[in-house]
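The values are calculated or read from the model by the stated rules, or taken from the named source; none is laboratory data. Note that the structure is a prediction, hence the values are computed from the model and not measured. Here the Cβ positions follow ideal geometry from the backbone for every residue, glycine too, while neighbour counts run over all protein chains shown. Please note that ligands, DNA and RNA were not included when accessible areas were found on the heavy atoms of the full protein model with its side chains. Shrake-Rupley method; radii C 1.70, N 1.55, O 1.52, S 1.80 Å.
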Amino acid sequence: MKAFRCQVCRQSILFENVKCESCGHKLGYLASNGEMTAVNPAGDGWIALADPAREYRFCKNWELHGCNWMVEKGCSSEYCLACRHNRTVPDLSDEKRHAAWRKIETAKRRLFYSLIRLNLPAPHAAENDGAPLIFDFLAEEPLQKPVLTGHSSGLITIALKEADDPAREKMRDEMGEPYRTLLGHFRHEIGHYYWDRIVARSELLHSFRELFGDERIDYSASLQRHYEQRPPADWPRNHISAYASCHPWEDFAETFAHYLHIVDTLETGRSAGLVVRRDDGSPARVDFDPYAYPEINEMIDNWLDISFALNNINRSMGQPDIYPFVISPVVKDKLGFVQNLLKAHAQLAASRSLGPGMMSIEGGSRDSASMATPAP
């Protein structure tokens, strides 16, 4: 995530901020130019100081304290590029569910920041695309089946209980996971979406199978074996996580998620001017744009040095490692596959003049109280 400053007072501001704590100006995010902006009222809209030539309004979910993104005035959709993909949200009249939904939306906007920066397709259901990206955020109801976080044919379901920190930590511990966050769920499930969309029926399938394995092996049986038996002893040599070892689909999704973890954290470090000292005394710094598909070895080498330093900083505060994973040579190759895949797709999109506008389509959020929700 890049660094942002208030255009009025130059105070540092965060991606999630809705108000500058220094000068008091309202803040919003302009996805079209990747800027957080201070705004001034203008009639029934707002003038964004980062783009004063146009008038904007806030996403409709801003009224529910669920979004800080802005929409150009005159746009046919009331919702921003991220919120247009919502199909089902929980009953927001329930205070606890409302608070959980807000956490989920915060993580989802960080996902969309990355998708836009990487120039990846994210069509809404209203587009005549054939493979839209849709979100259901579901609460568990009495006498109904448990809600499972997952992906199926473009539909990403996030269980509302994942926004409950104690419940999520309990699941993380029970499942032996070193890392479990809302943002991690989004980045993992979007990996499944792009496997279906980009890899499944492409000329890349053979290369995928050589590196990740044959995805045609029985998925349900693989999951059952993973949960009933321990993962293979050598999984750290070939996979980024134990869960990645259960099936090639999960291996790809986990690798995809880690690519997004690495790219976005490196951009944050670059924006902060972060420099760490390598073992040989030389400096490690991010002097490249991580979102511009840099050379994979340079990116991973910098990441290993920086993540080691970040882990030590966390330990100094009595906190667990911020990145409790090992990137083996095989995993580096898999990360390189993901990068090459996304780079080729982004270049193709650019050649067709398909940028962030790919997401500017109709849509909006609907309340689950008035809409049937399919099983995930």
Worksheet item: Out of (1) more than 25 Å from R270 (Cβ to Cβ); (2) modelled with pLDDT of 95 or more, the odd one out for G357 is which?
Response: (2)
Item to complete: Within region 283-300, count every residue that is outside any helix (DSSP H, G or I) and open to solvent by less than 50 Å² (accessible area, probe 1.4 Å).
Response: 6
Discussion item. Given the condition at pLDDT 95 or above and outside any loop (DSSP other than H, G, I, E, B), answer yes or no: does some residue in region 342-350 qualify?
Written reply: no
Discussion item. Please determine whether any residue of region 57-75 is in a loop (DSSP other than H, G, I, E, B), modelled with pLDDT under 95 and open to solvent by less than 50 Å² (accessible area, probe 1.4 Å).
Written reply: yes
Worksheet entry | Near pairs, Cβ below 8 angstrom, 6+ apart or cross-chain, from region 311-330 (in contact (Cβ under 8 Å) with a residue 40 or more places away in the chain and open to solvent by 100 Å² or more (accessible area, probe 1.4 Å)) to any residue that is not in a loop (DSSP other than H, G, I, E, B) and not basic (K, R) | V326/P236
Worksheet entry | Test result for L92, over 28 Å from D165 (Cβ atoms), in a loop (DSSP other than H, G, I, E, B) and of a type outside the set (S, T, N, Q) | no
Worksheet item: So R180 clears everything in (1) in contact (Cβ under 8 Å) with a residue 24 or more places away in the chain; (2) within 24 Å of V338 (Cβ to Cβ) except one condition, right? Which one?
Response: (1)
Worksheet item: How about region 42-51: which of its residues are open to solvent by 40 Å² or more (accessible area, probe 1.4 Å) and either among the hydroxyl-bearing types (S, T, Y) or at pLDDT below 95 (or both)?
Response: G43, D44
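Condition check ((1) of a type outside the set (G, A, S); (2) within 25 Å of A3 (Cα to Cα); (3) modelled with pLDDT under 95) across all residues:
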| site | (1), (2), (3) |
| --- | --- |
| I217 | yes, no, no |
| H226 | yes, no, yes |
| P231 | yes, no, yes |
| D234 | yes, no, yes |
| R237 | yes, no, no |
| P248 | yes, no, no |
| F256 | yes, yes, no |
| D280 | yes, no, yes |
| R285 | yes, yes, yes |
Worksheet item: Applying the selection to region 228-249, what residues are within 26 Å of the chain's Cα centre (by Cα) and without any contact (Cβ under 8 Å) to a residue 12 or more places away in the chain?
Response: W235, A244
Item to complete: Please tell me if L81 is under 21 Å from S271 (Cβ atoms) and aliphatic (A, V, I, L, M).
Response: no
Practice prompt. Filter region 197-222 for residues that are open to solvent by less than 60 Å² (accessible area, probe 1.4 Å) and either touching a strand residue (DSSP E or B) at 6+ places or on another chain (Cβ under 6 Å) or in contact (Cβ under 8 Å) with a residue 40 or more places away in the chain (or both) and give the result.
Written response: I198, V199, L204, S207, F208, L211, F212
Fill in: Enumeration of residues in region 124-153 that are in contact with a helix residue (DSSP H, G or I) (Cβ under 6 Å, 6 or more places away or on another chain) and more than 21 Å from L92 (Cα to Cα)
H124, A131, L133, H151
Item to complete: Have a look at L143, L155 and point out the one that is more than 21 Å from the chain's Cα centre (by Cα) and of a type in the set (A, V, I, L, M, F, W, C).
Response: L143
Worksheet item: Tell me, which residue of region 94-108 that is buried (at least 18 other Cβ atoms within 10 Å of the Cβ), out of contact with any strand residue (DSSP E or B) (no Cβ under 8 Å at 6 or more places or on another chain) and among the hydrophobic types (A, V, I, L, M, F, W, C) is farthest from N17 (Cα to Cα)?
Response: A100
Worksheet item: Any idea which of I134, I104 is touching a Lys or Arg at 6+ places or on another chain (Cβ under 9 Å) and within 22 Å of A82 (Cβ to Cβ)?
Response: I134
